[in-house]
Amino acid sequence: MSNAFSLFADPIDTPEEIATRQEFEGALQALQAQALITPDDDADHQQDQATWCVEWPQRVAHLTNVMNTDIARRLRLQIPPAGVAMLHDADQTCQRWLREQAEAREHVQREQEDELDEENQSEAMQMSKPESPPPVVHLRNPRRMAVVDITRHKRK
């Protein structure tokens, strides 16, 4: 057969379309790979969760940006149905972890504020208490009046 134009031949993608398709596939694969390596839900993996939650929205945004291009729309690039459920579950996990991290930060902040309030209250109470003077006894001396601090003099 000749290389003549055929109505049934696949259209040839332009370089922009090829690049968009490759970027879409790369972004989708990166997102799916991250969904597969979701850290555990225990306290030992909180740092991993925090890092994961920073990377996830960036990858979602990248995939979304690729899908929102005119070329991607023209190519009708879509996430396969099987991948949608997995990505949705991973996104829900990310949202939950972000909520838990925010709640933990708020809890720590409230505890710090409470400690500061307690310190301020104790300082205010100490400042409001009048200092009692040391016990002083006024003794009359025939030659002059003297004030003697009895805490410094010992009895003989």
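Quick one, what does Rg over Rh come out to for region 57-129 if you take C-alpha atoms and the Kirkwood Rh?
Working: Rg = 24.3 Å, Rh = 16.7 Å.
Rg/Rh for region 57-129 comes to 1.46.
Under the rule of at least 5 residues apart or a separate chain, name every residue whose amide H is placed under 5 Å from the amide H of Thr38.
none
If I model a spin label at Gln47 and Ala61 as a point 7 Å from the Cα along the Cα→Cβ vector, what separation in nanometres do I get?
2.5
Could you rank the peptides 84-93, 20-29, 100-109 by their average count of other C-beta atoms within 10 Å per residue, with the highest value first?
Values: 84-93: 14.3, 20-29: 16.5, 100-109: 10.9.
The packing order, highest mean first, is 20-29, 84-93, 100-109.
Using the Karplus curve 6.51 cos²θ - 1.76 cosθ + 1.60 with θ = phi - 60°, work out ³J(HN,Hα) for each residue of region 54-71 in order, rounded to whole Hz, and write x for Gly and Pro.
6, 6, 4, x, 5, 5, 4, 4, 4, 4, 4, 4, 5, 5, 8, 6, 4, 5
By per-residue mean of other Cβ atoms within 10 Å, what is the highest-first order of 67-76, 116-125, 47-56? Mind showing how you got there, number by number?
Working: 67-76: 13.0, 116-125: 9.9, 47-56: 15.4.
Those peptides, ordered most packed to least, come out 47-56, 67-76, 116-125.
Here, each number is a calculation from the coordinates, and none is a lab measurement. Owing to the predicted nature of the structure, the values given are computational and were not obtained by experimental measurement. Don't worry about glycine lacking a Cβ; one is built from the backbone with ideal geometry, like all the others, and counts go over all protein chains shown.
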